[in-house]
1. Pick from region 100-118 the residues that are of a type in the set (A, V, I, L, M) and more than 16 Å from the chain's Cα centre (by Cα): which of them is surrounded by the most Cβ atoms within 10 Å (Cβ to Cβ)?
2. State all residues of region 204-235 that are within 16 Å of ligand 2 (Cβ to nearest atom), in a loop (DSSP other than H, G, I, E, B) and closer than 22 Å to ILE182 by Cβ; if no residue qualifies, say none.
3. Can you confirm whether ASN61 is farther than 27 Å from VAL173 by Cβ, in contact (Cβ under 8 Å) with a residue 12 or more places away in the chain and out of contact with any Cys (no Cβ under 8 Å at 6 or more places or on another chain)?
4. Counting residues that are aliphatic (A, V, I, L, M), more than 20 Å from ILE51 (Cα to Cα) and open to solvent by 40 Å² or more (accessible area, probe 1.4 Å), which helices (runs of 4 or more DSSP H) fully inside region 236-313 reach at least 1?
5. Given PRO57, PRO124, PRO135, which one is over 17 Å from GLY13 (Cα atoms) and touching a Leu at 6+ places or on another chain (Cβ under 7 Å)?
6. Inspect all residues belonging to region 55-70 and state whether any of them is within 26 Å of LEU233 (Cβ to Cβ), open to solvent by 50 Å² or more (accessible area, probe 1.4 Å) and within 16 Å of ligand 2 (Cβ to nearest atom).
7. Quick one: how many residues across region 113-163 are of a type in the set (Phe, Trp, Tyr) and in contact (Cβ under 8 Å) with a residue 24 or more places away in the chain?
Amino acid sequence: MEYKDTIVLALGGNAILQPGQRGASTEQMENVYKTCMQIAQMIKDGHRVVITHGNGPQVGNILIQNSEGAGKVPAMPLDICGAESQGMIGYMIQQQLANILHDDDINVPVVTMITQMVVDKGDPAFLKPTKPVGPFYSKEYADERMKKGEVWIEDAGRGFRKVVPSPTPISIVEIDTILSLIDSGCVVIANGGGGIPVIEEDGRYKGVEAVIDKDFGGERLASYVRADTFMILTDVPYVYINYRKPEEKALNEINLEDIVKYQSEGHFKAGSMGPKVEACRRFISNGGKNAIITSLDNALLALEGKAGTRIVR
Ligand code: ADP
Ligand code: MG
């Protein structure tokens, strides 16, 4: 196929699992099917698409399975659970997207790349873990793990949870392979969950107990791929200033200057819209042309400039 441009699509949590759902395979497949209907349309419209996605709920569920089954089979560390989630979500997208494309006689291969993301072992985030992961445990269990050097917090009266660092993603170990798969005509799914965080030690990679923000990881992918458009799909159609206040205003287009101003005024919440806007800012600062934040339903309209928030230089 001849493509007119390249889009790196970062799918938010609700593209795979909706709020209130427990995460049954049928639920996730159905959501992925609906998401893939939109992605297939982009491909039919002539866009080359590279896909990345979040994995928070999925990796959370895998951690529960590991914890509950620990008496029977050894529990896996966080990096391996992350790899499992990439495989699981990648499989669902591979199957659903290829089925839909095949219905239209478009036979492009869809392939998932298990992706490692290099982080700096001196990243200050390692000194201050912030991201809760996995199930809730008792105080006794938390105390025991803390003696082994882990960091645990009491999470809003619901019990104790392990917290891990969220370091800045730097480079993608598998980037050359990803680029050659894209060049050879594959629809590539890569860097799921922001990538599996690894550090480099004596010329070797080693998984670490950390999580990478999928929006920041998506920016790395979009920049390396030299995407024309970095598109973050979430559950709101626009980025707003004064979000959920009487003077709330949807933003159609923002430039780097606006972003810095709005960031300093605290309009974008840390942990949700904050990293998305910052990821787009980084993409444009690194030479990207255009970034979009919108909802899945508005994705096609946004590509025509008729919806969503566009981030420009
Ligand atoms: P995803 O799974 O797609 O990463 P998040 O929940 O992390 O989703 O981020 C999307 C959420 O960000 C929205 O549902 C919205 O409630 C929240 N949000 C916070 N600040 C803003 C803002 N200024 N404009 C739009 N949404 C915002
Ligand atoms: Mg998020």
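The values are calculated or read from the model by the stated rules, or taken from the named source; none is laboratory data. Please read these numbers as outputs of a predicted model, since none were measured by experiment. As a convention, Cβ positions derive from the backbone with ideal geometry for all residues, glycine included, and neighbour counts pool all protein chains shown. Side chains included, ligands, DNA and RNA excluded: accessible areas come from the protein's heavy atoms. Shrake-Rupley method; radii C 1.70, N 1.55, O 1.52, S 1.80 Å.
1. Here the residue is VAL110.
2. Result: ILE212, single match.
3. no
4. Helices (runs of 4 or more DSSP H) meeting the threshold: 256-264.
5. PRO135
6. The answer is yes, given that some residue of region 55-70 is within 26 Å of LEU233 (Cβ to Cβ), open to solvent by 50 Å² or more (accessible area, probe 1.4 Å) and within 16 Å of ligand 2 (Cβ to nearest atom).
7. Residues in region 113-163 being of a type in the set (Phe, Trp, Tyr) and in contact (Cβ under 8 Å) with a residue 24 or more places away in the chain: 4 in total.
Conditions tested, residue by residue: (1) more than 22 Å from GLN58 (Cα to Cα); (2) modelled with pLDDT of 95 or more.
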residue	(1), (2)
MET117	no, yes
PHE136	no, no
ARG158	no, no
ARG161	no, no
PRO165	no, yes
ILE175	yes, yes
LEU181	yes, yes
SER184	yes, yes
VAL188	no, yes
